[in-house]
Structures are given as structure tokens and as C-alpha cells.
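In what follows, a single structure is set out as C-alpha cells and then discussed.
The values are calculated or read from the model by the stated rules, or taken from the named source; none is laboratory data. Not measured: the values here are computed from a predicted model. Here Cβ is always computed from backbone atoms with ideal geometry, including for glycine, and neighbour counts include all displayed protein chains. These area figures cover heavy atoms from the full protein model, side chains too; ligands, DNA and RNA do not enter into them. Shrake-Rupley method; radii C 1.70, N 1.55, O 1.52, S 1.80 Å.
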Amino acid sequence: MSKITYPPTKRIDVVEQHFGQTINDPYRWLENDVRTDKEVAAWVESQNKVMNAYLASLTGRVVFKERLKQLFNYERFTIPVKKGSRYFYFRNSGADNQRILYVRDTADGPGRMLIDPNTWAKDGADALAEWAASNDGKHVAYAVQDGGADGRTIKVLDVDTATVLGDELMWAKFTTIVWATGAGKGLPGFFYTRFPKPETESKEGAAAQANMQNHAVYFHVLGTPQAQDRLVFSTPEDPVLMHSLTSTADGRYIAINSMRATTGSKLTMIDTQGGAWKPIALIDSFDDQWGIVGNVGTKLFLMTNKDAPRYKVLALDMATLNGNKSAKSTKPAMTALLPEQDALMNGASLVGGRLMVMYLVDMKTEVRRYTLEGKPDGVVTLPGIGTAIGFDGTLESSETFYGFTSFNAPGVIYRYDVASNTARVWSEAKVATDLAQIAVERRFYNSKDGTRIPMLLVRRKNVTGPAPTLLYAYGGYGLVDVPGFAPPMLAWVEQGGVFAVAYIRGGGEYGRAWHEAGRRLNKQNVFDDFIAAGEYLKAQDITTVNGLAIQGASNGGLLMGAVVNQRPDLFAAALVQVGVLDMLRFDKFTAGKLWVDEYGDPAKEVDFRNLLKYSPYHNIRPGQAYPAILATTADTDDRVVPAHTFKYVATLQAADIGDKPHLTRIETRAGHGAGKPTDKMIEETADMWAFAAHFTGLDVKAAL
């Protein structure tokens with residue numbers, strides 16, 4: 001294949017001094033919003049034209065696209081949420097771009113469609129995002145996501161009539177919705193989080209690119225204008241804080257987690273009994289993570305990693321706090337209920353008179369039961385290596401639901417009886433392939449410093465020798481990356497490829513210490529862990545000598561850019577998705593200031609020098625032969641703005657780094673990933689897999 005001629009990219013003279021270091025930023029003009037800047041829009045159009053022409057020449061593109069259509073086309077459900085006597089859940093028939101919200105009057109009765117977002121936009125890019133049913137099951141508050149953007153508009157549905165009410169709440173972003181019991185002077189209403197109303201109307205795109213300040217908690221009474229919403233909680237003294245809401249199952253207590261860091265959050269409680277709703281500051285520092293498990297009357301159960309890196313459960317009596325005059329002076333007396341265990345506590349709930357706790361044991365979920373006093377009460381039997389989620393419900397009801405999934409097991413949802421510790425299938429997904437032929441294997445390998453890292457391998461059982469391999473990882477923010485079924489993964493494996501997931505440091509798979517070992521000044525450990533994974537796959541003859549492709553998104557996109565710069569010889573192809581790639585300016589856009597706790601502050605010298613060492617945009621190495629690179633982004637990504645990818649790709653294309661293609665794929669009316677319609681996911685995955693297959697030697701066959 002002949003060498004690609006890239007579109008010309010203008011360079012401008014932007015030179016800055018930071019701590020005595022000269023920084024050139026010739027592509028800063030690409031930070032302008034693609035939806036409003038004609039020059040940037042023209043650049044995007046020219047890049048997509050070159051990308052499409054190249055990918056059209058790859059035979060695997062059509063094959064993967066057609067197969068992905070088949071693999072995505074299966075009926076699937078989410079775990080039902082019981083409110084009042086009703087059960088709410090999402091269903092996708094298999095052909096829907098967006099999942100549809102349904103309700104049942106009984107657990108096994110017929111479903112009734114409530115909200116179909118597929119009718120909202122011709123291109124299917126508008127999605128039903130956050131939602132919550134009222135505790136009596138009579139109303140649903142739901143957020144409309146426009147074209148993949150993080151911004152939301154909240155609306156309300158009457159469940160009896162399936163009528164959308166006149167309530168419309170603006171400026172919601174990174175929002176949560178929680179209904180209150182008996183709040184609003186007897187009128188139904190809900191708490192939600194949003195930003196202030198903009199002082200002036202901004203042109204399209206400007207608000208999405210702006211930094212976010214003064215997130216706050218409001219209460220909305222149904223049938224009233226948003227201007228009358230009650231401001232319940234705000235932090236003007238610390239305007240960068242983001243607030244998320246949860247509630248106890250009875251709706252009495254509302255928990256507000258306030259975060260500007262990935263390591264911990266402040267915790268504020270509101271007792272909705274009575275009209276005062278005085279915020280009670282339970283935790284007034286960012287030192288630890290806190291979450292609400294549930295309550296028994298005024299006794300509150302909390303999950304925390306304070307002095308317990310793998311989490312524990314504590315209890316306190318809220319009745320001893322409500323009379324305090326000063327919330328800021330509250331120092332609650334907490335009692336130990338369930339100590340830290342040998343594995344990561346990944347979730348807990350109170351249901352049916354039991355404490356149900358999910359643990360992650362070397363990437364396998366275990367569900368352990370306890371009495372309300374913390375005494376062991378057996379386990380829940382699960383099918384194998386995979387992930388269990390759910391177990392929500394009320395303390396009084398023995399009924400709950402949970403889901404189980406793995407790389408070779410599409411979602412099965414079980415209706416579980418707590419009293420008898422028995423479960424039966426409520427729904428089971430059926431896919432167009434023989435999953436019995438897919439094997440999932442757990443391996444461990446050593447990183448550069450000797451740290452033992454887990455890895456899961458997915459491949460056909462008859463693939464026993466070296467094969468083209470796609471290696472994925474995330475490694476950031478303390479997030480736990482658990483095994484789950486995904487049609488894109490299956491499309492690669494069916495063709496004879498290997499799909500590998502490395503659970504590297506920076507994530508939360510082994511608790512707080514695992515995260516700390518991969519954040520800020522320790523970020524290089526993340527890259528070392530991933531590079532060691534690639535070396536292991538080659539040393540163990542899992543992949544071929546020139547058959548390793550890599551994939552990562554968002555923080556994982558940063559990972560891709562960094563490891564390609566550090567070890568371009570190790571990889572045949574790299575798929576860099578919505579990556580954070582300019583580490584010296586990430587804090588200038590949208591949510592970037594919230595990431596300082598994870599990466600460090602570019603305005604501080606020690607952090608600046610560390611960031612400069614691995615920033616993908618600043619460390620491309622001319623004279624080295626780079627792997628083929630396809631960097632994907634979207635024009636409405638207002639979380640990791642597309643400028644990261646634009647500047648990175650422009651630098652790649654201008655550098656002397658070999659003849660393999662270095663392309664970008666820029667989606668329209670799509671954001672960071674959430675809410676992306678099925679057809680756009682299929683198109684993007686087909687492009688990425690065809691690109692990776694071409695450079696790893698995967699022989700893509702139309703007939704399987």
C-alpha cells in the first residue's frame with residue numbers, strides 16, 4: 001500500500017516558558033471548537049476524507065461491520081428496579097440504536113413501553129441518560145442527552161398515562177436524580193444536581209468547552225417552574241467540587257458525595273423528614289471514599305476505605321446527629337460492623353434483612369451474605385469467572401435481582417430470594433454464536449518492578465498457538481474494570497484473534513493501594529505494567545512477533561499514546577480513543593480541573609516535569625518507526641475535548657516516524673461514549689478492528 005498523503009496542517013508560532021522549559025505548541029489553533037470554527041471544521045473534513053479512503057481499501061471493514069450487526073442484534077434487559085409495586089427496566093430488541101425504558105406491574109407480567117429515545121432524533125444520537133422512578137412508582141424523572149454531550153435536560157413522565165409533563169430542567173451535567181419521600185410539603189419532587197444558569201447565552205459549543213464551576217444540589221417540586229427550585233446544597237467556597245446523590249431505600253436519607261479528587265470525597269447527609277433539610281456534614285475531608293449502603297431506621301450503614309484499603313462497613317445512629325447546631329463540627333461516632341476482608345469490597349446493600357456484599361477476587365466476583373450484625377451467613381453461588389451486579393431492594397422485602405456477565409456469558413438476570421438463598425432466571429440473552437467455543441483464562445505476569453499483574457485472555461478454544469492479539473487496559477482513577485460481555489470483543493475473537501485485558505495499576509482492582517501506585521508521580525507504573533503485558537504476550541507465544549495491537553479510551557487513550565512513544569517497537573497497531581493527550585493543558589477545558597488530583601497540576605513544577613515526561617503530544621519521537629495509529633474522537637465530546645486528538649494527530653503526521661498510517665476518525669453528533677447509538681458503535685468498531693487486523697495479520701473471513 002502506497003504512503004499516505006496527509007492533509008496539510010497549519011503551524012502557528014506559540015512558544016511558552018514553564019519553569020525554565022521551552023514548550024512549543026504549534027497546533028493550538030486546533031483547540032477551537034469544530035462546530036463554530038470554519039478552519040478547524042475544514043481540517044476535520046479533510047482528515048475524515050483521508051481516513052475513509054484508507055479504511056475503504058481494507059477488506060475486513062465490511063466483514064466486521066456485517067458481523068457486528070448480527071452480534072449486536074440480540075434482546076437484552078437491564079436489572080429491574082422495583083418502585084412501589086412496579087418494576088422498571090431497559091430493553092433493547094437488538095436492532096435499537098438506544099435502549100427503551102419499560103415498566104411491568106408484576107415481576108413476570110407483560111412489559112409496557114414508557115420512553116423510547118429512538119424517536120427523538122433521526123440519527124439516533126439522542127439518548128435517555130440518568131433516570132429515577134419515584135418511590136411510589138407513579139413518576140419517572142429522566143435526562144435527555146443530546147448527541148452524546150455530557151449536558152442534560154431533565155423531564156418528567158407520568159407512568160399511569162405515559163404522558164410527559166411540563167417540567168423541564170436545564171443546565172444538568174454530571175447529574176444524579178433522587179426522589180424524596182414526603183418532601184415538598186406533600187407534593188412529589190426530587191433532588192438533582194446541576195450548574196448555575198449561564199449569565200449570558202453562549203454560542204453553540206462555547207458552553208461545552210468552558211470550565212465547570214459551582215455544581216449544586218436543587219429540589220424540584222413537580223408542576224412548578226425551574227426558577228422556583230430550592231437550592232439545597234452548594235459549595236461556593238470551593239466552586240470546583242462535583243456533587244453526586246444517593247438515597248437510602250426508604251427515601252428518608254439523601255447522601256451528597258462532594259468530590260474534586262479521585263482519592264476521597266466529603267459526605268453530607270440530609271434527613272428529609274421535616275422541612276428543614278439541614279445538611280449534616282458527616283465527613284469533612286477528602287482523605288477517604290465513603291458510600292451509603294442503607295439504613296435500619298436511623299441506623300445508617302456506610303462503606304469506606306478509611307484505614308481499610310479494600311473497604312469495610314461501619315454503622316452510626318443518625319438520631320445522635322440531627323440535633324447538632326453546627327454541621328461543620330459534627331464528629332459522628334461510628335461502630336465497626338464488617339471489617340476489611342481478603343479481597344476488594346466492590347459493593348454492598350441491605351435487602352431482605354441481610355447485608356449482601358460483593359467482593360472482587362482476582363477479577364472474579366464473589367457475593368457473601370451477612371446478618372445485620374455482620375456475622376457470616378453463606379454465599380451466593382455464581383456461574384464462574386465473571387461479574388455480578390445488583391442486589392438492590394428494601395430491608396423488608398426478600399425479593400431482589402442480580403445480573404451476571406462475563407466475556408463468554410451475555411447478561412443473565414436472576415430473581416433472587418434472600419430468605420431461601422435461591423435464584424431463578426428472570427431474563428437470559430441469546431446471541432448469534434456458540435459461546436461454548438469461547439474460553440476465558442486468567443493469567444498473571446510480572447511488571448518491570450516485579451509487581452504481579454492479573455490478565456484475562458479470551459479466545460476460541462481451538463486457538464492454541466500464537467495469534468494476532470488485541471490488548472486492552474484502562475488503569476486510572478481507581479476504577480474497577482470488571483469482565484463483561486461485549487459484541488465487539490466477540491467479533492475479534494471469532495476471527496481467530498486473542499483479546500487480552502491487563503488489570504494494571506492505577507485502577508481499583510485491588511483497592512486503594514493499587515490506585516495510588518498508578519496516579520500522579522507514580523503514573524509511569526501504569527505504562528510499565530502495560531508494556532510488560534505486551535512483552536508477556538509475546539514471550540508466552542500468545543501473540544505473534546508482529547501481531548500485537550493495543551486499544552484504550554479516555555484515560556486509556558492517554559495510556560496508548562504514552563506507551564507508543566516509549567515502546568514503538570512493541571506494537572503493530574494502536575487504537576487511541578478519545579484520549580487525554582496534551583498533559584500540559586488538560587486542565588484548561590471542561591472537566592479537566594477535576595483530573596488534577598489524578599495526574600497532577602501542570603502549574604506546579606514537580607507535577608509539570610512529571611507530566612512533560614510522558615505527555616503523548618510532547619513526546620513523539622522522530623526517527624523511530626511507529627506502529628500504525630488510528631485515533632478516534634467526536635465533535636461533541638465535552639469531557640475530553642477533541643482538541644487533544646487533533647493536536648496529537650497533527651504532530652504524528654508531521655513527524656518522521658515511518659510509513660505506517662497515522663490517521664484520525666472524527667465522529668459527528670457523538671460525545672465521549674455514553675449514549676452512542678448502536679449503529680455508530682458498529683461503524684466505529686468495524687473501522688478499528690479492520691485497521692488492527694490489517695497490521696497484525698488477522699485473516700478476516702466473511703463466512704464463519
Item checked: Nearest-20 debye value, region 352-508 charge dipole, Cβ charges on Lys, Arg, Asp, Glu -> 480
Checklist line | Whole-Å distance, taken between Cα centres, linking region 566-590 and region 37-102 | finding: 24
Checklist line | For region 435-486 versus region 606-627, the gap between their alpha-carbon centres in whole angstrom | finding: 27
Next item on the list: Collect residues whose amide H, placed 1.01 Å from N in the peptide plane, falls under 5 Å from the amide H of Tyr474; neighbours closer than 5 in sequence don't count.
Entry: Ile504
Check: Taking only Cα atoms, what is the 0 to 90° angle, nearest 10, from helix 643-654's long axis to the longest principal axis of the chain?
Finding: 10
Checklist line | Under-5 Å amide H pairs with Asp377, H placed in peptide plane, nonlocal only | finding: Arg369, Tyr370, Thr371
Checklist line | Leading residue at positive end of dipole, region 86-163 (Cβ point charges), from Asn97, Ala143, Pro110 | finding: Pro110
Check: With respect to the cross-link table entries Lys38/Lys122; Lys10/Lys647; Lys65/Lys647; Lys38/Lys65, which display a Cα-Cα separation exceeding 20 Å?
Finding: Lys38/Lys122; Lys65/Lys647; Lys38/Lys65
Check: Around Lys83, which amide H atoms from residues at least 5 apart in sequence, or from another chain, sit under 5 Å from its own amide H, with H modelled in the peptide plane?
Finding: Phe88
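Let's see if you can work this out: charge +1 on each Lys and Arg Cβ, -1 on each Asp and Glu Cβ, no other charges. What is the dipole magnitude of region 207-293 about its Cα centre, in debye to the nearest 20? Before the final figure, lay out the partial values.
Numbers: 5 positive and 8 negative charges, 39 e Å.
Dipole size: approximately 180 debye.
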Notebook entry, point to check: How much accessible area per residue does the chain have, in Å², with a 1.4 Å probe?
Noted result: 39
Item checked: Debye, to nearest 20: dipole size of region 1-119, +1 on Lys, Arg Cβ, -1 on Asp, Glu Cβ -> 600
Note to self: Using the Cα centre of region 606-667 as origin and beta-carbon charges of +1 (Lys, Arg) and -1 (Asp, Glu), tell me which of Thr633, Leu611, Leu652 is placed farthest towards the positive end of the dipole.
What the structure shows: Leu611
Next item on the list: Rank Thr590, Ala539, Asn555 by how far each Cα sits towards the positive end of the charge dipole of region 528-596 (+1 on Lys, Arg Cβ; -1 on Asp, Glu Cβ) and give me just the farthest.
Entry: Thr590
Next item on the list: Please turn the phi angles of region 417-427 into ³J(HN,Hα) values with the Karplus equation 6.51 cos²θ - 1.76 cosθ + 1.60 (θ = phi - 60°), one per residue in order, whole Hz, x for glycine and proline.
Entry: 9, 5, 4, 9, 6, 10, 9, 9, 5, 9, 8
Notebook entry, point to check: Within the accessible area of region 500-577, what % is carbon and sulfur when the probe is 1.4 Å and the other protein chains stay in place?
Noted result: 49
Notebook entry, point to check: Using Cα atoms only, what is the angle between the long axis of helix 38-55 and the major principal axis of the chain, expressed in degrees (0 to 90) to the nearest 10?
Noted result: 70
Margin query: Per residue of region 460-468, what does 6.51 cos²θ - 1.76 cosθ + 1.60 with θ = phi - 60° give for ³J(HN,Hα)? Whole Hz please, x for Gly and Pro, Karplus curve as stated.
Written below: 5, 5, 8, 8, 10, x, x, 8, x
Check: So what are the ³J(HN,Hα) numbers for region 296-313, from phi and the Karplus equation (6.51, -1.76, 1.60; θ = phi - 60°), rounded to whole Hz, Gly and Pro as x?
Finding: 10, x, 8, 7, 9, 9, 10, 10, 8, 9, 5, 6, 7, x, 9, 6, 8, 10
Notebook entry, point to check: By how many degrees, 0 to 90 and rounded to 10, does the Cα axis of helix 555-566 deviate from the longest principal axis of the chain?
Noted result: 30
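Sort 76-86, 6-16 by packing, meaning the average of other beta carbons within 10 Å per residue, with the highest value first.
Working: 76-86: 19.0, 6-16: 12.4.
Highest to lowest by the protection proxy: 76-86, 6-16.
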Next item on the list: Within the set of other residues whose C-beta is less than 14 Å from the C-beta of Arg368, count the net charge using Lys and Arg as +1 and Asp and Glu as -1.
Entry: +2
